[in-house]
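What follows draws every value from the coordinates through simple rules; no lab data is involved. Since the model is a prediction, treat every value here as computed from it, not as a measurement. Cβ sites come from the backbone with ideal geometry, for glycine too, and all protein chains shown count toward neighbours.
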Amino acid sequence: MTPELDEALARIERGEVVAYPTETLYGLGADARSEAAVGRLRAWKGREADAPLSILVEGAAALEGLGLSLPAPARRLADALWPGPLTLVLRARGGFADGVARREDGAVGVRCSSHPVAAGLAQRLARAGAGPITATSLNRSGFPPAGDRGEARALCGEPGAPWLLDPPDAPEPGGDASTVVDATGPTPRVLREGAVGSDRIAACWAGEGAA
């Protein structure tokens, strides 16, 4: 998979948009620090300028270097459920393109995928000092996200579409979208129900059932 990851890295460094599989759905990646790259992603997707974009990381150890705060309860969620279908909304100190942060306080959604392609891409970007990239779904706004290889290839086969990183031997996504949890407050707030249930979120936050 190394040649494909190298190609993806080169395209991202040029400011292009790359589609990639996760364990749940296909995602769209653009340099989350580049206004131009994020603008290209929004233009293709048709996403409103004030709609936030999550980012993809290789793991919890990368968060401090990106200026993201991971309080103890949120760390318990990350330790128990990452890599996996969980997006954590965390406070950030800035450094991302306009519109990547979720709110005025700079909070941003963070995804750590267990899919080998998404995980490999995050690791390759980190080693090159080129990350992070966005982790929004592959779809035109208002339409369902691409959940299988055929849908992803159809979307990425359009003129001007994102380049698709999807080696033929890679597993296809499957299942519900990631659960999105606001981890900036004293208690977890589920913003989107998904693959991880609310009961599991509450238990891990409290330090129970983390195994």
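Tabulated data for the structure shown
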read-out: Over the chain: helical MRE at 222 nm, DSSP H runs n ≥ 4 each giving -39500 (n - 2.57), nearest 500; value: -8500 deg cm²/dmol
read-out: For the chain: rounded, prolate or oblate by the Cα gyration tensor [a/c cutoff 1.5]; value: prolate
read-out: Antiparallel %, DSSP beta bridges [both residues in the chain], to 5; value: 70 percent
read-out: Contour excess over end-to-end distance, with Cα ends at ASP105 and ARG153 and 0.36 nm allotted per residue; value: 13.6 nm
read-out: The chain: angle of helix 2-13 to the longest principal axis, Cα-based, in degrees nearest 10; value: 90 degrees
read-out: Dipole magnitude of segment 1-122, debye to nearest 20 (Cβ charges: Lys/Arg +1, Asp/Glu -1, about Cα centre); value: 320 debye
read-out: Rough spin-label spacing in nm, given labels placed 7 Å along Cα→Cβ, for VAL190 and ALA72; value: 2.5 nm
read-out: Gained length - ASP79 relative to ARG93, 0.36 nm times residue gap less alpha-carbon distance; value: 2.8 nm
read-out: Residue-span extension gain [ALA203 to ALA130] - 0.36 nm each, minus C-alpha spacing; value: 22.8 nm
read-out: Length-normalised contact order for the chain - Cα pairs under 8 Å, 6+ apart - percent; value: 30 percent
read-out: Segment 25-125, relative contact order in percent, only Cα pairs under 8 angstrom and at least six apart counted; value: 33 percent
read-out: 4 °C / 1.567 mPa s Stokes-Einstein diffusion coefficient of segment 67-183, Kirkwood radius on C-alpha pairs, µm²/s; value: 82 µm²/s
